[in-house]
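> Below are the structure tokens for one structure; questions will follow.
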Amino acid sequence: MDIYLDDNKLTTELAPDATLLELVNETRQRLTEAGKILVAVQCDGLDVTGDGFGEALQRNLSTMQRIDFQTASPKALVIEAMDTASELLEASQLASTEIVNHLAQGDTAEALPKLRECCTAWSQVHEGICNSINMLGIAPDTIKVDDKPLAELLVKPCEQLAHIREVVESQDFVLLSDVLNYEFGEVVEIWQSIIDTIVDRVSESE
């Protein structure tokens, strides 16, 4: 069995009857010391980090001929995540304008599916921001964005998303239009300011 880490051959003292999980844990320990993160695992050319990863982890090493580990630096992952978040925000802003237009015409059949897509995108943006903060080891109460504590700013988007869900459930589409038109822009600005701050923090540390 051959083991490669970013195309460099890796050695292990684990026995052949050890599991892939044991090898992954051993490799992650090495990566922690090197300041990197494991992002993909391939077994005999097949990527197993998606569906079925848990099952693959229980396999014995003796059942595999080649294992490839791919890594990335936390900073690179954060920059990529923030780029994606910015793109999602830009797309959702355009979509929210379409939603308001549909609502103005009473066309909820077109508006609501687009709103669900926007809510999914907004949730992904918020999750990406929180994960990036954790990955960089930033304590939210130690950094300010536009002179406001980051921890405080992170509360506003969650509250606004919850408010949108309540408005949709009550089927108050006039209020929904007002929220998207006049209130949610502030949340988008908050997210973008946080994204810019995170990117600046990564750039300063390089």
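> Report yes if Val100 is under 30 Å from Gln171 (Cα atoms), open to solvent by less than 30 Å² (accessible area, probe 1.4 Å) and modelled with pLDDT under 95, otherwise no.
yes
> Okay, next question. If you check every pair at least six apart or on different chains, which have Cβ atoms under 7 Å apart with a residue in the range 29-54 that is more than 14 Å from Pro74 (Cα to Cα) first and a residue that is among the aromatic types (Phe, Trp, Tyr) second?
Listed by first residue and then by second, the contacts come to Val41/Phe69.
> Please list, ordered by residue number, the helices (runs of 4 or more DSSP H) wholly in the range 115-206 having 3 or more residues that are among the acidic types (Asp, Glu).
155-169, 184-205
> Looking only at the range 46-79, filter to residues that are charged (D, E, K, R) and closer than 27 Å to Ile129 by Cα; which one of those is most open to solvent (accessible area, probe 1.4 Å)?
Filtering first and then ranking leaves Asp51.
> Inside the range 175-196, can you point out the residues that are of a type in the set (A, V, I, L, M, F, W, C) and open to solvent by less than 40 Å² (accessible area, probe 1.4 Å)?
If the condition is that a residue be of a type in the set (A, V, I, L, M, F, W, C) and open to solvent by less than 40 Å² (accessible area, probe 1.4 Å), then Leu176, Val179, Leu180, Phe184, Val187, Val188, Ile190, Trp191, Ile194, Ile195 are the ones that fit.
> Being under 17 Å from the mean Cα position of the chain (by Cα) and closer than 17 Å to Ile3 by Cβ narrows it down to one residue among Val48, Val39; which is it?
Only one candidate passes the filter, namely Val39.
Let's see how each residue does on (1) loosely packed, with under 12 Cβ neighbours inside 10 Å; (2) charged (D, E, K, R); (3) modelled with pLDDT of 90 or more:
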{"position": "Arg116", "(1), (2), (3)": "yes, yes, yes"}
{"position": "Glu127", "(1), (2), (3)": "no, yes, yes"}
{"position": "Pro140", "(1), (2), (3)": "no, no, no"}
{"position": "Ile143", "(1), (2), (3)": "no, no, no"}
{"position": "Lys148", "(1), (2), (3)": "no, yes, no"}
{"position": "Lys156", "(1), (2), (3)": "no, yes, no"}
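The values are calculated or read from the model by the stated rules, or taken from the named source; none is laboratory data. Everything numeric in this text was worked out from a predicted model, so none of it was measured. Glycine also receives a Cβ, built like all others from the backbone with ideal geometry; neighbour counts cover every protein chain displayed. Just so you know, the surface numbers come from the protein's heavy atoms only, side chains and all, with ligands and any DNA or RNA stripped out. Shrake-Rupley method; radii C 1.70, N 1.55, O 1.52, S 1.80 Å.
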